[in-house]
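Notes to accompany the following structure.
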Amino acid sequence: MRSMSTLTRADLAEALNRKLGLSRSDSLSMVESILEHMCDALAQGENVKISGFGTFLLRDKGQRIGRNPKTGIEVPITPRRVLTFRASQMLKDRIAKE
């Protein structure tokens, strides 16, 4: 089994630096810009699709009744918007091979 590590913004910037030959500051700026565009689109209610990777989907959940597991008391859960991720088939296939 592979060790669980985390891919960071700095790692992405380093990869751009190595593969494209951009300076470290330009690489980090590009990563930040892409993430900022994604965040802005999601904040405006748009879904974000990255071909071959997956789709970030916004979903509105209505109000519902939940239950406190400790006490068993029913509690209303307020309506909210949630973010989900659906991996593309290409990504799923690649992960299955690893």
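Bear in mind these aren't lab numbers, they're just calculated from the coordinates by the rules spelled out. Treat the numbers as computed from the prediction; the structure is a model and nothing was measured. Because the Cβ atoms are built from the backbone with ideal geometry, glycine has one as well, and the counts that use them run over all protein chains shown.
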Which residues, counting only those in region 76-98, are hydrophobic (A, V, I, L, M, F, W, C), surrounded by 10 or more Cβ atoms within 10 Å (Cβ to Cβ) and assigned to a strand (DSSP E or B)? 77, 83, 85, 87
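Yes or no, residue by residue, for (1) under 30 Å from residue 94 (Cα atoms); (2) part of a strand (DSSP E or B); (3) under 16 Å from the mean Cα position of the chain (by Cα):
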position	(1), (2), (3)
45	yes, no, yes
55	yes, yes, yes
59	yes, yes, yes
70	no, no, no
If the Cβ limit is 8 Å and pairs must be 6+ apart or interchain, which residue in region 52-65 that is among the small types (Gly, Ala, Ser) pairs with which residue that is surrounded by 14 or more Cβ atoms within 10 Å (Cβ to Cβ)? 52/88; 52/91; 54/88; 54/91
Quick check: is even one residue across region 5-16 closer than 29 Å to residue 95 by Cα, hydroxyl-bearing (Ser, Thr, Tyr), without any contact (Cβ under 8 Å) to a residue 12 or more places away in the chain and outside any loop (DSSP other than H, G, I, E, B)? no
